[in-house]
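In what follows, a structure is listed as structure tokens, so that the remarks can point back to it.
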Amino acid sequence: MPIKTNNMNTELQLKKTGKQKAWSWLKTLVLYGIVFLVIYTAVNWWRQPVMPANPQLQMTDYQGHTVNLAALSQDKPTLIYFWGTWCPICTTTSPSVNRLAAAGDYPVVTVAVQSGSNQQLTEYLTEHNYNFTTINDQQGQIFDDWQGQVTPSYVILKDGEMMQGLTGIQPLWSLKLRLWLSSMF
């Protein structure tokens with residue numbers, strides 16, 4: 001009879017150890033998640049574009065149409081998306097930006113940084129079925145003015161003022177959430 005009790009105690013101790021291991025793994029995962037978010041936020045903040053003191057908010061897109069960012073951002077927050085045809089990460093983010101632009105909920109203006117001539121840019125946009133408004137920053141001067149460090153980078157303008165700046169891969173839901181929050185505050 002005592003053998004049975006010892007077996008049951010051993011089984012309880014093993015189960016308890018299993019629960020303890022699970023909690024330990026969960027705590028470690030949460031801790032690493034928090035550390036990742038803090039580091040990601042700090043790096044994102046450091047690399048984000050910075051609005052120039054006297055920004056050029058009226059530009060011409062690659063098709064010759066005038067784009068007035070200050071006017072666009074009066075009614076709703078406007079997303080400015082800095083990207084390049086040469087940027088491998090942009091091949092992941094551009095389709096989401098294209099869907100956001102197609103939805104029409106918020107104005108979207110993209111700046112193609114050092115992506116070739118207007119003809120080359122037209123071919124690239126056509127090949128990828130991108131229909132967003134695009135300004136061709138052939139020399140990278142616009143990106144430099146905004147102190148851009150990496151592509152992709154994003155700026156949210158409201159009433160002609162920068163509300164948010166961010167970089168890297170941003171899923172569609174994140175961009176929508178950030179635009180919505182910018183429209184609330």
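Structure values in brief
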{"quantity": "Sole exception among (1) more than 24 Å from I39 (Cα to Cα); (2) surrounded by 14 or more Cβ atoms within 10 Å (Cβ to Cβ); (3) out of contact with any Asp or Glu (no Cβ under 8 Å at 6 or more places or on another chain); (4) touching a residue at least 60 places away in the same chain (Cβ under 8 Å) for V155, by number", "calculated": "(1)"}
{"quantity": "Hits in the stretch 112-145 - residues which are part of a strand (DSSP E or B) and of a type in the set (A, V, I, L, M, F, W, C)", "calculated": "A112, V113, I135"}
{"quantity": "Residue in the stretch 118-140 that is surrounded by 13 or more Cβ atoms within 10 Å (Cβ to Cβ) and closer than 30 Å to I39 by Cα present", "calculated": "yes"}
{"quantity": "Those residues of the stretch 98-113 which are farther than 11 Å from L179 by Cα and touching a helix residue (DSSP H, G or I) at 6+ places or on another chain (Cβ under 8 Å), in sequence order", "calculated": "R99, V109, T110, V111, A112, V113"}
{"quantity": "Residue identified as over 19 Å from I156 (Cα atoms), surrounded by 10 or more Cβ atoms within 10 Å (Cβ to Cβ), modelled with pLDDT of 80 or more and not acidic (D, E) among V38, V50", "calculated": "V38"}
{"quantity": "Within the stretch 151-170, considering residues that are closer than 19 Å to A112 by Cα and assigned to a loop (DSSP other than H, G, I, E, B), the one farthest from the chain's Cα centre (by Cα)", "calculated": "T151"}
{"quantity": "Meets criteria (more than 12 Å from the chain's Cα centre (by Cα), part of a loop (DSSP other than H, G, I, E, B) and modelled with pLDDT under 95) for G148", "calculated": "yes"}
{"quantity": "Tabulated pairs, the stretch 126-150, first in contact (Cβ under 8 Å) with a residue 40 or more places away in the chain, second loosely packed, with under 15 Cβ neighbours inside 10 Å, C-beta under 6 angstrom, 6+ apart or interchain", "calculated": "D145/P52; Q147/V50"}
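So that you can scan it fast, the table gives a plain yes or no per residue for (1) in contact with a strand residue (DSSP E or B) (Cβ under 6 Å, 6 or more places away or on another chain); (2) within 18 Å of Q170 (Cα to Cα); (3) surrounded by 17 or more Cβ atoms within 10 Å (Cβ to Cβ):
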{"site": "S24", "(1), (2), (3)": "no, no, no"}
{"site": "Y62", "(1), (2), (3)": "yes, no, yes"}
{"site": "T78", "(1), (2), (3)": "yes, yes, yes"}
{"site": "C87", "(1), (2), (3)": "no, yes, yes"}
{"site": "A103", "(1), (2), (3)": "no, yes, no"}
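The values are calculated or read from the model by the stated rules, or taken from the named source; none is laboratory data. Fair warning: this is a prediction, and the values are worked out from it, not measured in the lab. Ideal geometry is used to build each Cβ from the backbone, glycine not excepted, and the neighbour counts take in all protein chains shown.
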